[in-house]
Every structure is written in C-alpha cells, then in structure tokens.
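K.L.:
Handing you this structure, nothing more for now.
The values are calculated or read from the model by the stated rules, or taken from the named source; none is laboratory data. From a predicted model like this one, the values you see are computed outputs, not experimental measurements. The protein model used for the area step is the full one, side chains on, heavy atoms only, and it has no ligands, DNA or RNA in it. Shrake-Rupley method; radii C 1.70, N 1.55, O 1.52, S 1.80 Å.
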Amino acid sequence: LVGTLLDPSSSSSTLSKAQQTVKQSSYQSFTSLITNLLTTTSESIANKLIPLMQKTLEAPLLADTKLLSPSTGQSLMLKRLKKINTDLFYRQTKFNLLQEESEGYAKLLTFFTSLSGAQEEDCGNEREGHLMKVREIIGTFDLDPNRVLDLTLDVLELELQTLLSSTSASSIYETVSNAPQ
C-alpha cells in the first residue's frame, strides 16, 4: 500500500511537475528511512522486521531498499504474493461438514423432505421463496455450498426413484386389472 502511494513509477500524467517532484522526494525519503531503520536496529529486530516488510510493502520499494535483489527478488516476491492472494481469496478450508454443522444440514434436509410431499405445480413466486429459504439456511449455518448441492441432488434422486417406483407399480396394476380374463 505504501509503495503504491510513494512509488514514482506509478505517477499519472495528470500530476504536475511540482507534485511529481514532491512524490519523488517522499519516495526517496521513505526508502532511506527504511534502510536507516534496518541498519540501526539490532540484528534480531531486523530479522523480524524484514519478513514483515516483505509481506506488506510493494516489490519496487523492497528492491529500492535492498530488501530484494532487483531481478530475482521481484519475480519471487510477485510469485509469493500471487500465492498468498490465492490462498486468501480462493481456497476453502474443509471440515467434517456433517459433524461440524449437523443442525444446519438437518434443517436443510427437513426442508427438502417437506417439499417432496407437494404434488401440485409450484408457481414462480413459490420457487423463489424456496430458493430464498435454502439460501437463508446456508447463510445462517455457514454451510458449504458444494455439500448443499450434493445433498440436494441426493434428495432429488430419491424423489425420482420414489416417483418412478410408484409410477411403475400403478402401471403394472392398471395392466393387470385391464387384462382380459
């Protein structure tokens, strides 16, 4: 964040020459401040500060303060930054979901089974209401959407099996009862 604000290479064309000069001098002052801080502090404190600075400061600023080598350090830092961002925003931690959030999954299955008894056609508003209820249960109990989809498909599969078995039984009954004697 600080490196973005003070990095002279990120100046826009709308800045005046005076603003660019101030920005350049601020950037140089900041880099000298970091360098002086690291050279005057004890080695144990500097060893704790360097990893923290490498995680929080921008790559060009780290290269200018000699915390990274200009060629390999920046590419390594950008690679690490991409990995950290991926871990933060795209990875989901998985738990033993049915054991951890059993009440939420139980309410979801209860809701699904209460819907399975309805034989009439749902209108659009009722479908939206059902969808909102499922979203509400997911949000309330912080349920995993992938597991919710899996349970939904399981319930639909059982409903389809029930429907097919009752249809085939009734068609067999009609065939037998309508057969010539």
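K.L.:
Could you pull out every one of the helices (runs of 4 or more DSSP H) wholly within region 42-106 that has 1 or more residues that are at pLDDT 75 or above? I'd like the intermediate steps shown before the answer.
P.N.:
Values: elements: 43-56, 59-64, 72-89, 97-100.
Counting at least 1 such residues, we get 43-56, 59-64, 72-89.
K.L.:
Please give the number of the condition Tyr173 fails out of (1) modelled with pLDDT under 85; (2) open to solvent by less than 100 Å² (accessible area, probe 1.4 Å).
P.N.:
Just one mismatch for Tyr173, condition (2).
K.L.:
Is it the case that Leu158 is open to solvent by 70 Å² or more (accessible area, probe 1.4 Å), at pLDDT 90 or above and either over 17 Å from Glu101 (Cα atoms) or of a type in the set (Gly, Ala, Ser) (or both)? First the steps, then the outcome.
P.N.:
Details: open to solvent by 70 Å² or more (accessible area, probe 1.4 Å): yes; at pLDDT 90 or above: no; either over 17 Å from Glu101 (Cα atoms) or of a type in the set (Gly, Ala, Ser) (or both): yes.
Criteria not met by Leu158.
K.L.:
Residue by residue through region 43-63, note down the ones that are open to solvent by less than 60 Å² (accessible area, probe 1.4 Å) and of a type in the set (S, T, N, Q).
P.N.:
Gln54
K.L.:
Another question, if that's okay. Looking at Asp142 and the list (1) at negative phi; (2) modelled with pLDDT of 80 or more, which single condition is not satisfied?
P.N.:
For Asp142, the exception is condition (1).
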